[in-house]
Amino acid sequence: RKLFQWRKTSDAIHNGKTMHFITRDNTYAYFRYTENEKVFVYINNSLESKAIPWASYSEIASDVKSGREIITDTDIDFTSEVVVSPKSVMIIECN
């Protein structure tokens, strides 16, 4: 429910462009973005936890230092290691 409510207000989700990144180690990542908003989605489809390789996304996220994970309402620091549980998704609204 929380995700669906947030989705209604996200301009990047409704009107943004998409930048996909190469799938690796059973993970998939992409950004939805507008001039004023970025949303990062990281899907870990593996059977083990994975650290998000922030350097791999510097093409679009070099200016992003933090964000808020939508489902858990957790603050995310793009300069620190963030681990995503097996078979889960992380959706981050970038600051």
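Based on protein heavy atoms only, the chain ends up with 62 Å² per residue of surface accessible to a 1.4 Å probe. For the range 7-95, the dipole from Cβ point charges (+1 on Lys and Arg, -1 on Asp and Glu) about the Cα centre works out to 320 debye, to the nearest 20. Mean residue ellipticity at 222 nm, helices only, the chain: -4000 deg cm²/dmol; runs of at least 4 DSSP H residues each add -39,500 (n - 2.57), and the sum is divided by the number of residues.
Above 16 angstrom, tally the Cα pairs of the chain and express them as a % of all pairs, no decimals. Beyond 16 Å sits 53 percent of the P(r) for the chain. Nonpolar atom fraction for the chain, defined as the carbon and sulfur part of the 1.4 Å probe accessible area, stands at 49 percent.
Report the gain in length on full extension from Phe21 to Val83: 0.36 nm times residue separation, minus Cα-Cα distance, nm rounded to one decimal.
On the way: separation 62, 0.36 × 62 = 22.32 nm, distance 1.79 nm.
The Phe21-Val83 span can extend by a further 20.5 nm.
Net charge of the neighbourhood of Glu48, taken over other residues with C-beta under 14 Å away and scored Lys/Arg +1, Asp/Glu -1, is +2.
Put a dot 7 Å past the Cα of Asn95, heading toward its Cβ, do the same for Lys65, and the two dots end up 0.9 nm apart.
Ala12 sits among other residues whose Cβ lies under 9 Å from its own Cβ, and their net charge, with Lys and Arg +1 and Asp and Glu -1, is 0. The residue among Ala51, Val82, Asn26 whose Cα reaches farthest toward the positive pole of the charge dipole of the chain, with charges on the beta-carbon of Lys, Arg, Asp and Glu, is Asn26.
The values are calculated or read from the model by the stated rules, or taken from the named source; none is laboratory data. Fair warning: this is a prediction, and the values are worked out from it, not measured in the lab. Glycine also receives a Cβ, built like all others from the backbone with ideal geometry; neighbour counts cover every protein chain displayed. Surface accessibility is based on the protein's heavy atoms, side chains included, excluding ligands, DNA and RNA. Shrake-Rupley method; radii C 1.70, N 1.55, O 1.52, S 1.80 Å.
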